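Report on the following structure.
The values are calculated or read from the model by the stated rules, or taken from the named source; none is laboratory data. Please read these numbers as outputs of a predicted model, since none were measured by experiment. Cβ atoms come from the backbone with ideal geometry, glycine included; neighbour counts cover every protein chain shown. Accessible surface areas use protein heavy atoms only, side chains included; no ligands, DNA or RNA. Shrake-Rupley method; radii C 1.70, N 1.55, O 1.52, S 1.80 Å.
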Amino acid sequence: MIKAVIFDIDNTLMDFMRMKRASVDAAVDAMLDAGLPMKKEKMYESIFETYWREGIEDQNILDKVLVKEFGAVDYRILAAGIIGYKRAKDGHMTLYPRVKLTLTELMKSGIKMGVVSDAPRLSVWLRIVGLGLHHYFEHIVTFDDTGEKKPSPKPFKKILGLLAVAPAEAIMVGDWAERDIKGAKALGIRTAWAKYGNEFDTKVSGADHELEDIYDLVKIIRRINEKV
């Protein structure tokens, strides 16, 4: 029987990469207006190349790119980029369709819900509160809580303990097969792959279930629990 659902956030509940691309685009436009001596396409590509190398959650990405490209930071350009990024981020932080409907249905069914994210604690909470989801989740586990990222067993064991459920009583929902799905399955947690958030061109997820729409999760859990 499924008693708890563990969610990833980025590209599972919210369209993270849509927000990231729009924010970087706005940051580069603002930097160009402030005098950035570089073509937009090249700067955009340089930022994402640095993200993939340093980590998509890097909070000093613009500083690093300016140093890489120009050898120093022009703070007029940096400040413009940061302000442009933040303004666009607030406007593009959106949930996937039917996320709140799904969470509400699960809550009404008495299903416990928690989050496991590789992002830093403050970043996770800013997203959850900003998206209006903070009343749905009983517990949140971030990178700062264990010092390890998925697929390490530590974050999964931490959330299972907080939710007071056995691995077989939980289902993990995430978009990243190599982290969310692999890590959960290794502990005997049932898995559901958020196919709609696939940013890695994954062909085979290895998950127990694949979600074309997040609301599919409600039907899957009902079907499993009706058999008990």
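Numbers below:
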{"quantity": "Output for the range 123-148, where each listed residue is out of contact with any Pro (no Cβ under 6 Å at 6 or more places or on another chain), surrounded by 15 or more Cβ atoms within 10 Å (Cβ to Cβ) and not in a helix (DSSP H, G or I)", "calculated": "Leu131, Leu133, Tyr136, Phe137, His139, Ile140, Thr142"}
{"quantity": "Extreme residue, farthest from the chain's Cα centre (by Cα), among residues of the range 47-63 that are aliphatic (A, V, I, L, M) and not in a loop (DSSP other than H, G, I, E, B)", "calculated": "Leu62"}
{"quantity": "In the range 86-103, the residues that are part of a helix (DSSP H, G or I) and in contact with a helix residue (DSSP H, G or I) (Cβ under 7 Å, 6 or more places away or on another chain)", "calculated": "Arg87, Ala88, Lys89, His92, Thr102"}
{"quantity": "Members of the range 168-177 found to be under 19 Å from the mean Cα position of the chain (by Cα) and open to solvent by less than 60 Å² (accessible area, probe 1.4 Å), listed by number", "calculated": "Ile171, Met172, Val173, Gly174, Asp175, Ala177"}
{"quantity": "Failed criterion for Val165 (all others in (1) under 15 Å from Thr12 (Cβ atoms); (2) open to solvent by less than 40 Å² (accessible area, probe 1.4 Å) hold)", "calculated": "(1)"}
{"quantity": "Looking only at the range 28-43, and only at residues there that are within 14 Å of Gly84 (Cβ to Cβ) and not in a helix (DSSP H, G or I), the one that is most open to solvent (accessible area, probe 1.4 Å)", "calculated": "Gly35"}
{"quantity": "Residues that are open to solvent by 10 Å² or more (accessible area, probe 1.4 Å) and either aromatic (Phe, Trp, Tyr) or part of a helix (DSSP H, G or I) (or both), drawn from the range 178-219", "calculated": "Glu178, Arg179, Lys182, Lys185, Lys195, Tyr196, Phe200, Tyr215, Asp216, Lys219"}
{"quantity": "Residue under evaluation Gly132, criteria (1) under 22 Å from Met14 (Cβ atoms); (2) without any contact (Cβ under 8 Å) to a residue 12 or more places away in the chain; (3) not aromatic (Phe, Trp, Tyr), criterion not met", "calculated": "(2)"}
{"quantity": "Matching residues in the range 97-122 - criterion: being surrounded by fewer than 18 Cβ atoms within 10 Å (Cβ to Cβ) and either within 18 Å of the chain's Cα centre (by Cα) or modelled with pLDDT under 95 (or both)", "calculated": "Pro97, Arg98, Lys100, Pro120, Arg121, Leu122"}
{"quantity": "Test: residue in the range 135-154 that is of a type outside the set (Lys, Arg) and at pLDDT below 95", "calculated": "no"}
{"quantity": "Number of the condition not met by Glu57 [criteria: (1) at pLDDT 95 or above; (2) under 22 Å from Asn198 (Cα atoms)]", "calculated": "(1)"}
{"quantity": "Checking Met1 against (1) assigned to a helix (DSSP H, G or I); (2) farther than 28 Å from Asn198 by Cβ; (3) open to solvent by 60 Å² or more (accessible area, probe 1.4 Å), the condition it does not meet", "calculated": "(1)"}
{"quantity": "Number of the condition not met by Gly84 [criteria: (1) at pLDDT below 95; (2) more than 25 Å from Phe200 (Cβ to Cβ)]", "calculated": "(1)"}
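Yes/no matrix, rows are residues, columns are (1) closer than 23 Å to Asp15 by Cα; (2) part of a loop (DSSP other than H, G, I, E, B); (3) open to solvent by 80 Å² or more (accessible area, probe 1.4 Å):
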| site | (1), (2), (3) |
| --- | --- |
| Glu45 | yes, no, yes |
| Val65 | no, no, no |
| Ala72 | no, yes, no |
| Gly84 | yes, no, no |
| Lys150 | yes, yes, no |
| Pro155 | yes, no, no |
